[in-house]
Amino acid sequence: MGATIVEKIFSKKCGNDIRAGEVVMAPIDGAMIHDITGPLAIQKFYEMGGSKVFDTEQVILLFDHQIPADSIPAAENHVYMRKFAAEQGIYNYDINEGVCHQVVLEKGRAAPGEIVVGADSHTCMYGAVGAFATGIGSTDMGFVLKYGALYFKVPETIRAEVSGKFPERVGAKDLILSIAADIGADGATYQAIEFAGKTISKLDMAGRMTLCNMAIEMGGKAGIVAPDKITWEYMKGRRKMKSFELGSDEDAKYASKRTYNVSDMEPQVAIPHNVDTGVPVSKVAGTHVDQVFIGSCTNGRFEDLEEAAEVLGKKKFNRNVRVIIIPASRDEYLKTLKAGLIEKFVKAGALVEAPCCGPCMGGAFGLLAPGEVSLSTSNRNFKGRQGSTEGKVYLCSPATAAASAITGVITDPREV
Amino acid sequence: MIMAVKKSVPVKKVVKIPPQTAQNMRVWKFGDDIDTDAIIPGRFLTIYDPKELSKHAFEGTRDEYAKKVKAGDIVVGGRNFGCGSSREHAPLALIGGGVNVVVAQSFARIFFRNSVNVGVLPVVCKDADKIADGAKISLNIKKGIIDADGKQFKTEPVPEFMQGIIDAGGLVEYAKKLKEVPVCTKSRA
């Protein structure tokens with residue numbers, strides 16, 4: 001019986017045949033902590049008797065949820081982590097680089113075939129480069145910081161085979177919202193989701209990141225795309241390594257196989273208050289919005305902002321909508337700046353903020369009042385995720401967000 | 001941001017081993033897909049002290065919870081309890097209110113592990129949806145039985161490799177006793 005890509009990663013790391021369902025203490029290639037979950041992980045590291053982290057080169061430390069510090073307790077947490085970084089000799093990206101997941105990938109801190117963990121649920125995004133990556137809690141992270149290893153139950157894999165050509169203004173976010181609606185909020189619990197097929201092999205890295213980022217929204221332990229030419233091209237200049245073959249065998253045993261065709265897909269919108277509620281935009285078109293957020297680890301890359309700018313064209317954003325645009329990282333910010341898009345967004349009436357989690361953190365800024373509606377390119381629309389539990393969050397693609405920001409109501413991006 | 005917190009640095013408190021048997025626990029019943037944003041909203045994540053966190057548990061979702069929850073109470077949910085963010089603040093917010101057992105039809109993966117690691121016992125019971133809010137529960141983990149207002153329901157055993165962590169009283173205590181880390185050694189699932 002052949003093996004899935006996930007089984008192969010664990011088997012290669014450990015030098016023996018490891019299959020789904022088996023529990024193994026696996027070595028860790030990268031461990032990411034940020035300003036929310038990091039302080040507790042560090043505390044647990046010390047409580048476990050830790051004095052030096054397993055490898056300073058493999059710990060990724062940065063701040064992105066509350067930056068610049070939005071409160072005194074947040075500032076204290078930053079100080080605590082800065083001291084830890086200095087004491088341990090860990091490179092500190094501090095508040096300068098952007099949203100953790102974007103930074104890990106663009107700095108080459110996750111690579112094909114590696115096992116990477118992060119104290120953040122959207123760590124599954126690193127599967128975009130063919131790493132096995134999963135989100136863990138702070139105590140598990142304390143253990144990782146000390147020992148450089150962690151218990152894993154090797155997950156079974158759902159294969160999502162995608163075919164067809166995306167219609168105009170339909171893309172990876174619409175696909176993943178549609179997959180989430182199909183699989184359900186807990187349909188992939190304890191499982192990995194492998195995205196494959198002709199559509200995926202043509203999809204750019206930004207789109208693959210969007211897909212893998214949201215595997216957790218189906219309960220998935222990891223999302224993954226087998227590394228190919230596009231992946232290795234992305235890794236160039238980020239990590240010195242030779243390319244190699246890595247992918248699921250044809251006769252691998254999957255938990256299930258699902259097929260999707262994007263050729264007739266409409267832009268999708270997930271309605272409050274669950275992510276697995278995606279419907280074609282036409283079903284909710286006309287819904288009033290108070291705030292539009294374009295950004296986050298899910299959709300804050302240059303490609304996303306470029307698409308939003310294309311939809312915007314020479315129009316202005318609606319004066320009754322607060323439009324918040326946040327590039328996911330310093331690199332993405334610079335690309336957006338150089339392309340002249342930031343000027344364009346600002347002139348059209350948007351607030352363009354420095355790279356951070358923004359309203360998706362639900363505490364730093366951009367919060368909703370009771371009764372308000374946010375349309376967001378981020379990954380979660382839970383009750384209270386962006387402020388008041390009496391507010392509503394809809395999720396969509398950057399194109400749909402931009403179109404709706406122009407009209408003031410949820411709008412099909414092909415109609416502006 | 002308004003913060004009801006005195007100190008942001010984590011507390012050095014070792015949590016107690018969750019009870020293997022318990023009597024007369026009051027049920028706080030919740031539905032399906034209770035996410036960790038509902039358990040503890042994002043704006044309180046600079047807090048790490050369980051007691052302080054518990055003051056905001058389920059804020060905006062069920063405000064009476066934080067006011068009335070008592071030590072020994074139990075939280076019961078439906079499917080996919082604890083989905084969403086990896087914030088360990090969620091099980092800590094439960095512990096701070098004296099809740100150290102959560103029963104649900106199913107759990108989200110990260111919440112399940114976080115709970116075991118910090119000393120909240122997650123108990124899977126396929127019939128958890130049949131347990132009423134305010135019910136009195138008695139629990140016998142070893143026998144795998146929950147008694148809710150006289151009705152008995154079966155619970156599922158915790159995966160074997162996690163039992164050691166539960167028995168130790170959480171991952172910190174488990175790690176302290178660990179002589180060496182058995183990297184790449186398989187354990188029983």
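The values are calculated or read from the model by the stated rules, or taken from the named source; none is laboratory data. None of the values given here were measured: they were computed from a predicted structure. Cβ sites come from the backbone with ideal geometry, for glycine too, and all protein chains shown count toward neighbours.
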Unmet criterion (only one of (1) assigned to a loop (DSSP other than H, G, I, E, B); (2) touching a strand residue (DSSP E or B) at 6+ places or on another chain (Cβ under 7 Å)) for A:Met265: (2)
Given the conditions (1) closer than 13 Å to A:Ser138 by Cβ; (2) in contact with a His (Cβ under 8 Å, 6 or more places away or on another chain); (3) among the charged types (D, E, K, R), report the number of the one that A:Asp64 does not fulfil. (1)
Counting residues that are in contact (Cβ under 8 Å) with a residue 40 or more places away in the chain and under 27 Å from A:Cys124 (Cβ atoms), which strands (runs of 3 or more DSSP E) fully inside region A:268-341 reach at least 2? A:268-270, A:278-280, A:291-295
Inside region B:161-179, the number of residues satisfying the requirement of being among the aromatic types (Phe, Trp, Tyr) and buried (at least 21 other Cβ atoms within 10 Å of the Cβ) is 0
Scanning region A:39-55 residue by residue, those facing chain B (nearest Cβ under 7 Å) and either modelled with pLDDT under 95 or surrounded by fewer than 23 Cβ atoms within 10 Å (Cβ to Cβ) (or both) turn out to be A:Gln43, A:Glu47, A:Met48, A:Gly49
Only one of A:Glu168, A:Glu194, A:Glu161 that is more than 20 Å from the chain's Cα centre (by Cα) and either closer than 16 Å to A:Gly127 by Cβ or in a strand (DSSP E or B) (or both): A:Glu161
Answer yes or no: is there a residue in region A:22-32 that is under 17 Å from A:Cys360 (Cβ atoms), more than 18 Å from the chain's Cα centre (by Cα) and either more than 14 Å from every other protein chain (Cβ to nearest Cβ) or of a type outside the set (Asp, Glu) (or both). no
Filter region A:365-390 down to residues that are within 13 Å of chain B (Cβ to nearest Cβ), surrounded by fewer than 24 Cβ atoms within 10 Å (Cβ to Cβ), assigned to a loop (DSSP other than H, G, I, E, B) and of a type outside the set (S, T, N, Q), then give me how many there are. 8
Restricted to region B:37-56 and to residues being of a type in the set (D, E, K, R) and at the interface with chain A (Cβ under 7 Å from one of its Cβ atoms), the residue farthest from A:Phe382 (Cα to Cα) is B:Arg43
What tally of residues in region A:4-17 results from selecting those that are touching a helix residue (DSSP H, G or I) at 6+ places or on another chain (Cβ under 6 Å) and at the interface with chain B (Cβ under 7 Å from one of its Cβ atoms)? 0
Checking B:Gly119 against (1) within 13 Å of chain A (Cβ to nearest Cβ); (2) in contact with a strand residue (DSSP E or B) (Cβ under 8 Å, 6 or more places away or on another chain), which single condition isn't satisfied? (2)
So, in region A:123-145, how many residues would count as being at the interface with chain B (Cβ under 7 Å from one of its Cβ atoms) and over 17 Å from A:Leu62 (Cα atoms)? 3
Looking for something within 18 Å of B:Ile166 (Cα to Cα) and assigned to a helix (DSSP H, G or I) - is there at least one such residue anywhere in region B:117-138? yes
When residues of region A:231-280 are limited to those that are out of contact with any helix residue (DSSP H, G or I) (no Cβ under 8 Å at 6 or more places or on another chain) and within 30 Å of A:Glu415 (Cβ to Cβ), the one surrounded by the most Cβ atoms within 10 Å (Cβ to Cβ): A:Asn274
